[in-house]
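Q: I'd like to ask you about the structure that follows.
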Amino acid sequence: YGQNNRVLEESGLKEQSDEGLVYAGISKRLLTGTEMSVSWKNSYNQDEGEENVIDPAYRSHLSLELKQPLLRGLGKKNQSAGIRAAEKNRQAAALQTENYAVSLAAQVKWAYWDLFFAVGDIEVKRKSVELAEQLSAQTTEMIRAGKLSSLERFQPLSEVARREQELIAAQRAAGVAEDQLKLLMNRPDWALSLELSDIPDVSEKKIAEEEI
């Protein structure tokens, strides 16, 4: 929409001109390559200085345009190439999303069982430390009873220290495994420890002779 106002003053006379234009249009391309467009234009002119039969004067114009390519871009196949490409891209994106979801689920499972093993390993290492401490205590009693030399106390003490280091390493590994699982699960509460509920089935299974 456009409008133009003009005022002229000459020899004491005042002339005023008012012009306006309204334009609207729409276009569409068919799968066959045909381009259609429809446009409508309406203008008016009002000039007080001129002796117009009709003032203001209106003019309307309606046009319809058709274009059909003869060689380039002709046919449904060429016109729908973009649609087919978009569909292929959508299918590829869907496959990538599904593949990512499957991969993420597998990573979460592996991280869970890694944490399960790490927690179980802590208990094993803790019992190992307890056994080493019991052996060290027994060695001390035997030294006091004169059954062993005082030099024999250093080996069990060294074994206790070694197994304590293994326990600390197992606790550190469990912490790393838990953090990895929380990261994959996108857990917001990092301060809370995870409670393991799923336990692997370790029951014995007998295999029939016909299954061998």
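The values are calculated or read from the model by the stated rules, or taken from the named source; none is laboratory data. Everything quoted here is computed from the prediction, not taken from an experiment. All Cβ positions, even for glycine, are placed from backbone atoms using ideal geometry, and neighbour counts span all protein chains on display. Side chains included, ligands, DNA and RNA excluded: accessible areas come from the protein's heavy atoms. Shrake-Rupley method; radii C 1.70, N 1.55, O 1.52, S 1.80 Å.
Q: Tell me, which helices (runs of 4 or more DSSP H) wholly within the range 74-187 include 2 or more residues that are free of Cβ contacts under 8 Å to residues at least 40 places away in the same chain and either among the basic types (Lys, Arg) or touching a Ser or Thr at 6+ places or on another chain (Cβ under 9 Å) (or both)?
A: Counting at least 2 such residues, we get 81-144, 154-185.
Q: Any residue that is within 30 Å of residue 186 (Cα to Cα), out of contact with any Gly (no Cβ under 7 Å at 6 or more places or on another chain), basic (Lys, Arg) and at pLDDT 65 or above - is there at least one of those in the range 81-102?
A: yes
Q: In the range 185-204, is there at least one residue being open to solvent by less than 90 Å² (accessible area, probe 1.4 Å) and more than 26 Å from residue 102 (Cα to Cα)?
A: yes
Q: Limited to the range 98-123, what total is found for residues that are out of contact with any Leu (no Cβ under 9 Å at 6 or more places or on another chain) and β-branched (Val, Ile, Thr)?
A: Going through the range 98-123 one residue at a time, the tally reaches 1.
Yes/no per residue for (1) closer than 30 Å to residue 183 by Cα; (2) in contact with a helix residue (DSSP H, G or I) (Cβ under 7 Å, 6 or more places away or on another chain):
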site	(1), (2)
119	yes, yes
122	yes, yes
127	no, no
136	no, yes
141	no, no
162	no, no
169	yes, no
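Q: If residue 3 passes every condition in (1) of a type outside the set (Ser, Thr, Tyr); (2) modelled with pLDDT of 65 or more; (3) in a strand (DSSP E or B) but one, which one does it miss?
A: If we test residue 3 against (1) of a type outside the set (Ser, Thr, Tyr); (2) modelled with pLDDT of 65 or more; (3) in a strand (DSSP E or B), just (2) comes out false.
Q: Select from the range 84-134 the residues that are open to solvent by 50 Å² or more (accessible area, probe 1.4 Å), among the hydrophobic types (A, V, I, L, M, F, W, C) and within 30 Å of residue 160 (Cα to Cα) and write down the one among them that is nearest to the chain's Cα centre (by Cα).
A: If we take residues in the range 84-134 being open to solvent by 50 Å² or more (accessible area, probe 1.4 Å), among the hydrophobic types (A, V, I, L, M, F, W, C) and within 30 Å of residue 160 (Cα to Cα), then 113 is nearest to the chain's Cα centre (by Cα).
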